[in-house]
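Below is one structure, written out as structure tokens; comments come after it.
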Amino acid sequence: MDISAAFDTVNHQILICSLQELGVSGSALSLLSSYLDGRTYRVTWRGFVSEPCPLTTGVPQSSVLCPLLFLLYTNSLGSVIRSHGFSYHSYADDTQLILSFPHSDTQVAGRISACLTNISQWMSAHHRKINPDKTELLLFPGKNSPTQDLPVNFGNSVLTLTLIASVAALCSCTIGTAGVLVRSSLTGMYVYQWRWVYFLKS
């Protein structure tokens, strides 16, 4: 799940409120407010420079605080995801939802759609927008499980399902997963090593 223009659309007022809810107060909150307030930008085109305009959204990129402030801004999204029985991993502006379910569950497509709908509502309230073109649905079926078709609605479109039934299938496609791009040039050995990254992090 990819967020469009993630760092540029952070609303300063919502961010400050989020920091307060997380217990940031006093001098620390004042310092962060000062860090965000009063910023301006100019547009340069063919030698012409515009007048400075106030910048009321976004966190300064390439700064140490940028990813931290972004994570704090999106912190409450986790409760929305967990309320639908999903777990998740996040890496910068990429979020990976994880759901384990039996192949006999006929309601899973509706559960995924409902979760995405609530996430979209949260995004709208926080001046965010999911990029459907970069949102993928991957299915890892259990051994001897029948092939499933999951018609998951996302807005006005239906997410494309990629079935990963084996290491060979994983190596035959290119997928993005929370900051890691798995390409078709990977061999089975690399896929095996990649699987161990999760256990090392845990």
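The values are calculated or read from the model by the stated rules, or taken from the named source; none is laboratory data. Values in this document were obtained by computation on a predicted structure and should not be read as measured data. Here the Cβ is made from the backbone with ideal geometry for all residues, glycine too, and neighbour counts use every protein chain on show.
Evaluated against (1) in contact (Cβ under 8 Å) with a residue 60 or more places away in the chain; (2) of a type in the set (Asp, Glu); (3) within 14 Å of Asn153 (Cα to Cα), Asp93 falls short on exactly one condition, (3).
Put simply, of Gln121, Gln61 the only residue that is surrounded by fewer than 15 Cβ atoms within 10 Å (Cβ to Cβ) and in the same structural domain as Ser34 (by TED's automatic domain parsing) is Gln61. Considered as a group, the residues in the stretch 23-51 that are modelled with pLDDT of 90 or more, farther than 20 Å from Phe70 by Cβ and among the β-branched types (Val, Ile, Thr) include one that is farthest from the chain's Cα centre (by Cα), and that residue is Val49. One residue stands out among those in the stretch 16-55 that are β-branched (Val, Ile, Thr) and closer than 27 Å to Tyr91 by Cβ: the one that is surrounded by the most Cβ atoms within 10 Å (Cβ to Cβ), which is Ile16.
So, in the stretch 85-126, of the ones that are over 18 Å from Leu138 (Cα atoms) and in a loop (DSSP other than H, G, I, E, B), which residue ends up modelled with the lowest pLDDT? This residue is Ala92.
Of the candidates Gln13, Gln20, the single residue that is in a helix (DSSP H, G or I), more than 16 Å from Leu68 (Cα to Cα) and at pLDDT 90 or above is Gln13. Condition first: modelled with pLDDT of 85 or more, assigned to a loop (DSSP other than H, G, I, E, B), farther than 23 Å from Pro132 by Cβ and more than 14 Å from the chain's Cα centre (by Cα). Can you find one or more residues in the stretch 59-70 that meet it? Yes, the conditions are met somewhere in the stretch 59-70. The C-beta contact set for the stretch 21-45 (first residue among the acidic types (Asp, Glu), second residue part of a helix (DSSP H, G or I) and at pLDDT below 95, distance under 9 angstrom, 6+ apart or interchain) comprises Asp37/His12.
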